[in-house]
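Asks: Submitted below is the structure of interest, expressed as structure tokens.
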Amino acid sequence: MSDMTLRQWLLTDEPTSRRHARLASFYKGWLTLRSNSMAMVGLAILVILVLTALFAPFLAPHDPFVQSLSSRLLPIGAEGHLLGTDSLGRDILSRLIFGARITLYIVALVALIAPIAGLLVGTVAGYVGGWTDVILMRITDIFLAFPRLVLALAFVAALGAGIENAVLAISLTAWPPYARMARAETLTIRSTDYINAIRLQGAGPFRIITRHIWPLCISSLIVRVTLDMAGIILAAAGLGFLGLGAQPPSPEWGAMISEGRRFILDHWWVATVPGLAIFTVSLAFNLLGDGLRDALDPKDGGQ
């Protein structure tokens with residue numbers, strides 16, 4: 001099949017199968033995303049971040065954990081340290097590269113836990129209704145009543161410091177918005193003729209929710225997750241800054257900022273470089289999220 005024929009096949013308005021329809025929808029969404037230059041910038045930054053994390057041992061010019069007090073607080077570019085060194089003489093660039101792994105680890109775990117939990121709670125509440133809806137939504141409102149970082153601090157204080165506990169705390173504070181979004185989508189979907197026809201065919205609530213309601217909520221969920229990644233990264237960095245996230249000598253970006261704040265006036269690069277890394281990755285997720293909203297959100301897509 002030639003490229004032009006393949007393109008025409010993907011852009012057809014009359015798909016020949018369910019698989020064809022999915023591929024055509026995916027391709028049209030990709031074309032919409034690709035036309036958004038800022039979204040592509042965000043995607044490129046995140047691809048670079050992933051590649052950096054994967055090949056960190058090969059890209060890091062120095063061992064991120066080796067200390068050298070004779071080389072402490074070297075400025076940018078001095079003695080082969082492109083981004084300088086910290087208060088213990090460790091290469092900042094190397095620690096930044098290995099810190100990308102921690103950032104992706106936190107983002108991936110939270111993205112797996114919080115949206116799935118919120119989707120489950122929201123769809124069950126929206127489809128079942130009644131007291132189930134009231135109880136689940138009131139629990140959701142309780143979590144939403146507290147600022148995310150304050151609630152995460154409370155959970156980490158109860159669970160203990162550490163990266164796994166930080167991930168769990170962030171996940172416990174991140175699921176309520178997904179639950180409310182999923183419930184709103186479910187309330188709209190459950191009364192449609194499409195769902196009524198499936199119910200008349202004998203499908204039970206579990207099958208309807210998992211096979212027919214969840215797929216219709218996925219596009220909105222992906223957009224929300226991408227836009228929330230910046231807040232998750234900032235929350236993780238905040239916990240690391242306070243010493244409640246990844247523990248030393250782990251090269252977590254928030255902990256690096258915490259260490260460098262003591263030298264911010266005389267040795268600004270120690271705290272500024274990891275701060276710029278957090279800013280860049282957060283901006284990339286926001287840019288990509290805006291592009292995905294245009295490509296996937298059925299209410300805003302293509303606008």
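Asks: Can you tell me which residue within the range 166-201, out of those that are in a helix (DSSP H, G or I) and of a type in the set (V, I, T), is surrounded by the most Cβ atoms within 10 Å (Cβ to Cβ)? Walk me through how you get there before you give the answer.
Replies: Taking the range 166-201 and keeping what is in a helix (DSSP H, G or I), we get 166-189, 193-200.
Still in the running and of a type in the set (V, I, T): 167, 170, 173, 186, 188-189, 195, 198.
On the way: V167: 23, I170: 30, T173: 25, T186: 26, T188: 11, I189: 19, I195: 18, I198: 16.
Ranking the qualifying residues of the range 166-201, first place goes to I170.
Asks: Restricting to the range 198-221, name every residue that is within 20 Å of the chain's Cα centre (by Cα) and β-branched (V, I, T).
Replies: So in the range 198-221, the residues within 20 Å of the chain's Cα centre (by Cα) come out as 214-215, 217-221.
Correct list: I218 only.
Asks: Can you name every residue in the range 122-141 that is in contact with a Pro (Cβ under 9 Å, 6 or more places away or on another chain) and of a type in the set (S, T, Y)?
Replies: Hits for the range 122-141 are Y127, T140.
Asks: Could you list, in sequence order, all residues of the range 134-165 that are of a type in the set (D, E) and closer than 11 Å to A179 by Cβ? Even if it seems obvious, please write down each step before you answer.
Replies: Start the filter on the range 134-165 by keeping residues that are of a type in the set (D, E), which leaves 141, 164.
Residue satisfying the conditions is D141 alone.
Asks: Quick check on this structure: which one of L96, L112 is surrounded by fewer than 21 Cβ atoms within 10 Å (Cβ to Cβ) and of a type in the set (A, V, I, L, M, F, W, C)?
Replies: Details: L96 fails: surrounded by fewer than 21 Cβ atoms within 10 Å (Cβ to Cβ).
That would be L112, the only listed residue that is surrounded by fewer than 21 Cβ atoms within 10 Å (Cβ to Cβ) and of a type in the set (A, V, I, L, M, F, W, C).
Asks: Now, a different point. Go through the range 125-154 and give me each residue that's over 19 Å from L221 (Cβ atoms), under 20 Å from the mean Cα position of the chain (by Cα) and either of a type in the set (F, W, Y) or part of a loop (DSSP other than H, G, I, E, B) (or both).
Replies: Matches in the range 125-154: P147 only.
Asks: In the range 134-157, how many are of a type in the set (D, E, K, R) and crowded, with 18+ Cβ neighbours inside 10 Å?
Replies: Step one: list which residues in the range 134-157 are of a type in the set (D, E, K, R), which gives 138, 141, 148.
Filter once more, so that each one left must be crowded, with 18+ Cβ neighbours inside 10 Å: 148.
Selection size over the range 134-157: 1.
Asks: OK, next. From the set of residues in the range 74-93 that are assigned to a helix (DSSP H, G or I) and under 29 Å from the mean Cα position of the chain (by Cα), which is surrounded by the most Cβ atoms within 10 Å (Cβ to Cβ)? I'd like the intermediate steps shown before the answer.
Replies: So in the range 74-93, the residues assigned to a helix (DSSP H, G or I) come out as 78-80, 92-93.
Imposing the further condition that a residue be under 29 Å from the mean Cα position of the chain (by Cα) reduces the set to 92-93.
On the way: I92: 26, L93: 19.
Checking each candidate, the answer is I92.
Asks: Return yes or no: is A53 surrounded by 15 or more Cβ atoms within 10 Å (Cβ to Cβ), in contact (Cβ under 8 Å) with a residue 60 or more places away in the chain and of a type in the set (G, A, S)? Even if it seems obvious, please write down each step before you answer.
Replies: On the way: surrounded by 15 or more Cβ atoms within 10 Å (Cβ to Cβ): yes; in contact (Cβ under 8 Å) with a residue 60 or more places away in the chain: no; of a type in the set (G, A, S): yes.
In short, no.
Asks: Output yes when any residue across the range 62-73 is in a helix (DSSP H, G or I), touching a helix residue (DSSP H, G or I) at 6+ places or on another chain (Cβ under 8 Å), modelled with pLDDT of 90 or more and over 16 Å from W269 (Cβ atoms), and no when none is. Let's see the steps before the verdict.
Replies: Going residue by residue through the range 62-73, those that are in a helix (DSSP H, G or I) are 69-71.
From what's left, touching a helix residue (DSSP H, G or I) at 6+ places or on another chain (Cβ under 8 Å): 71.
Narrowing further to those that are modelled with pLDDT of 90 or more: none.
Looking for residues that are in a helix (DSSP H, G or I), touching a helix residue (DSSP H, G or I) at 6+ places or on another chain (Cβ under 8 Å), modelled with pLDDT of 90 or more and over 16 Å from W269 (Cβ atoms), one finds none in the range 62-73, hence no.
Asks: Taking only the range 235-270 into account, find how many residues are surrounded by fewer than 20 Cβ atoms within 10 Å (Cβ to Cβ), under 28 Å from P115 (Cβ atoms) and modelled with pLDDT of 90 or more.
Replies: 0
The values are calculated or read from the model by the stated rules, or taken from the named source; none is laboratory data. Just so we're clear, the structure is a prediction, and the values are computed from it rather than from any experiment. Methodologically, a virtual Cβ is constructed for each residue, glycine included, from the backbone with ideal geometry; neighbour enumeration extends over all protein chains shown.
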